[in-house]
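Undergrad: Sharing a structure below in structure tokens format, with a few things to ask.
The values are calculated or read from the model by the stated rules, or taken from the named source; none is laboratory data. Only a predicted model underlies this, so the values are computations on that prediction, with no experimental measurement involved. Ideal geometry is used to build each Cβ from the backbone, glycine not excepted, and the neighbour counts take in all protein chains shown.
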Ligand code: XMP
């Protein structure tokens, strides 16, 4: 595996993903927490940063055990760092160094093999390397950036001022491959199949004959985590799937059947009524979330106690939830992100935690699921919030409102599938607004509910843009909703991006 030392660049996770696409496992660690056991890493990459190496509080990393001992690649800040603090010089750049540029080669080197002259690279920095460090040898330049790529003679140390990890650096992946496979001699053998094999093996060792409980949500992560554990420990995995009454139309029965078909030892618990009682009269979004979280814990805990002698709790936590992030305000303090679903689980269950997916990105979770033969339909499902339709019904929740929204949502989602748009959208759903408006149906005046449709593109939910769905699609869907769903006489489409809006309305 290889180590990526993070200086807080927005692209660090992309480096990790590109490396993994080469079938090489990579881990991100903060620059100020270099792992002590460096032997396990075959190569090291220094990321970019929002910081300047010239700033008084520039991020410093201890490279004593790395420089000259391990293959090392500095990217952007990493490249400037290697220059500035090792006999070179970094200064403010006089020309704009953002966006596309084209490489021209100064030296032939293994590092640049397979890359055409003129290859497009992506720059994003306001500092520039004015003078190479000691023993530095220039490899490539662009029109505005003389020292775009260099190496250190006598070491396997390379540095580039552009970002090989971004899509717009056409040969970025080739560069990473040259560095990792040709120069660092890393074997690219990390694949979904090998991950499954190793993880199952490791889970068997870790858990032995113990019993494990896991909460299934119908989503990709918990389902794949369950399959891995199922492969490893079979019937000792006890899955619990809670119906909170706020799922999509028919979702509870369909998904439960699907889980049973996969051979999972799963218990469905219909607690809709309990959730509805807890939600009665609540219209504040955070109070609704809290009520749902609380009841879920109660229900899950009751069910978990039904399993005798259980010692483990399995969770579908994934890598972005556990990466320690370098805080944007600088300073050496690192913050740990916690997943909003994970934080809510009760202490008093006192179970040991097992998280088989905590090293994977979302797309890798899907590939692992595929390699275990899981249905594409299940793996391709849109994300769905834990509190479900409760945060898509603005204001208080009643069974009637839930049922109206389920019908509207079903028309929207089914049409997306019918029009072959479902897989092009990252997340979609309908929102029931606390607004009545006047309409006319036949000769009669109506005064009924308004719904909003929302469909967004995103990669991680942190930023999102609305999807440009075809007018014909919107027309057909709006017609069908108003004709079929009693109580709705108006449909609108949400055209807000995140930020400044959010994906959900509450
Ligand atoms: P927002 O609305 O914050 O949503 O832009 C970003 C992503 O998070 C999901 N979301 C939630 N998921 N519990 C969850 O499990 C919640 O309370 C919650 N709120 C938002 C949302 O569906 C989107 O994918």
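Undergrad: Of all the residues that make up the range 372-418, how many are surrounded by 17 or more Cβ atoms within 10 Å (Cβ to Cβ), without any contact (Cβ under 8 Å) to a residue 60 or more places away in the chain and more than 21 Å from residue 485 (Cβ to Cβ)?
TA: Total meeting the criteria: 0.
Undergrad: Having 1 or more residues that are exposed (fewer than 12 other Cβ atoms within 10 Å of the Cβ) and either assigned by TED's automatic domain parsing to the domain that holds residue 402 or within 16 Å of the ligand (Cβ to nearest atom) (or both) is the bar; report the strands (runs of 3 or more DSSP E) wholly within the range 419-506 that clear it.
TA: Hits in the range 419-506: 427-441, 444-457.
Undergrad: Can I ask one more? Please indicate, with yes or no, whether at least one residue in the range 316-339 is modelled with pLDDT under 75, within 23 Å of residue 227 (Cα to Cα) and surrounded by fewer than 16 Cβ atoms within 10 Å (Cβ to Cβ).
TA: Yes, that holds for at least one residue.
Undergrad: Does the range 434-447 contain any residue that is within 15 Å of residue 412 (Cβ to Cβ) and either over 27 Å from the mean Cα position of the chain (by Cα) or modelled with pLDDT of 95 or more (or both)?
TA: no
Undergrad: Among (1) within 16 Å of the ligand (Cβ to nearest atom); (2) within 14 Å of the chain's Cα centre (by Cα), there is one condition residue 392 misses while meeting the rest; what is its number?
TA: (2)
Undergrad: Identify the single condition in (1) at pLDDT below 95; (2) under 19 Å from residue 171 (Cβ atoms) that residue 92 does not satisfy, given that it satisfies every other one.
TA: The single condition residue 92 does not satisfy is (2).
Undergrad: Could you go through the range 42-49 and let me know if any residue there is part of a loop (DSSP other than H, G, I, E, B), free of Cβ contacts under 8 Å to residues at least 24 places away in the same chain and assigned by TED's automatic domain parsing to the domain that holds residue 150.
TA: So far as the range 42-49 goes, no, none of its residues is part of a loop (DSSP other than H, G, I, E, B), free of Cβ contacts under 8 Å to residues at least 24 places away in the same chain and assigned by TED's automatic domain parsing to the domain that holds residue 150.
Undergrad: Can you tell me which condition residue 78 does not meet? The list is (1) at pLDDT 95 or above; (2) closer than 21 Å to residue 358 by Cβ, and all the others hold.
TA: All conditions are met except number (2).
Undergrad: For the range 276-295, how many residues are touching a residue at least 40 places away in the same chain (Cβ under 8 Å), within 16 Å of the ligand (Cβ to nearest atom) and touching a helix residue (DSSP H, G or I) at 6+ places or on another chain (Cβ under 8 Å)?
TA: Counting residues in the range 276-295 that are touching a residue at least 40 places away in the same chain (Cβ under 8 Å), within 16 Å of the ligand (Cβ to nearest atom) and touching a helix residue (DSSP H, G or I) at 6+ places or on another chain (Cβ under 8 Å) gives 7.
Undergrad: Which condition from (1) farther than 21 Å from residue 136 by Cα; (2) touching a strand residue (DSSP E or B) at 6+ places or on another chain (Cβ under 9 Å); (3) touching a residue at least 24 places away in the same chain (Cβ under 8 Å); (4) surrounded by fewer than 18 Cβ atoms within 10 Å (Cβ to Cβ) is the one that residue 118 breaks?
TA: Result: residue 118 passes all but (3).
Undergrad: Within the range 354-384, can you find the residues that are within 16 Å of the ligand (Cβ to nearest atom) and in contact with a strand residue (DSSP E or B) (Cβ under 9 Å, 6 or more places away or on another chain)?
TA: Of everything in the range 354-384, those that are within 16 Å of the ligand (Cβ to nearest atom) and in contact with a strand residue (DSSP E or B) (Cβ under 9 Å, 6 or more places away or on another chain) turn out to be 382, 383, 384.
Undergrad: Moving on to the next point. Residues of the range 153-170 being under 12 Å from residue 115 (Cα atoms) and either touching a residue at least 60 places away in the same chain (Cβ under 8 Å) or outside the structural domain of residue 86 (by TED's automatic domain parsing) (or both), which ones?
TA: none
Undergrad: Please verify whether residue 8 is outside the structural domain of residue 358 (by TED's automatic domain parsing), more than 23 Å from residue 183 (Cα to Cα) and part of a loop (DSSP other than H, G, I, E, B), treating the condition exactly as stated.
TA: yes
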